[in-house]
Amino acid sequence: MLRVASLVIVVVVLVGAALGEDHFASLTDDQKEMLKMLHDNCVGDSGADEGLIEKARAGDFVEDDKLKGYMACIFQQLGALDDDGVPDMDTMIDMLPDSMQDRGGKMIRACKSVSGSNAGDTAFKLNMCFFKADPGYYFMI
């Protein structure tokens, strides 16, 4: 249930980001709560520092194992990364609404060859690659 609800929220947030809107302005209270739950669960599981998450959202990616664990947790909850760190780019692209398939798909496909030594390292490298590919379109929960 959390995975499906989280996927819907990520798509809503990404649409808001793509439209240049405040990421949370168009979300319902239930969607905000589900987004917070996903974030909080992954922070709790990884022990990631909120300050480092904020920095990463702005494109400042600090090498930190807990931050990497947070990023892996988000992707794994969405079904876009397996436990071994193998990303499912098709799932990432498929979760995008039709209006985002071109630009978002291009950003994701630009990173199709990214891999790391484990799930956290792969998630970290993917986030850096997504940001580099299209910083105006990038968003992280």
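The values are calculated or read from the model by the stated rules, or taken from the named source; none is laboratory data. The shown structure was predicted, so the numbers you read here are calculated from the model rather than taken from an experiment. Protein only, heavy atoms only, side chains kept; ligands, DNA and RNA dropped before computing areas. Shrake-Rupley method; radii C 1.70, N 1.55, O 1.52, S 1.80 Å.
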Express the carbon and sulfur contribution to the solvent-accessible surface of region 38-136 as a percent, rounded to the nearest whole number, probe 1.4 angstrom.
46 percent
Per residue, how much accessible area does region 38-141 show when a 1.4 Å probe rolls over the protein heavy atoms, in square angstrom?
48 Å²
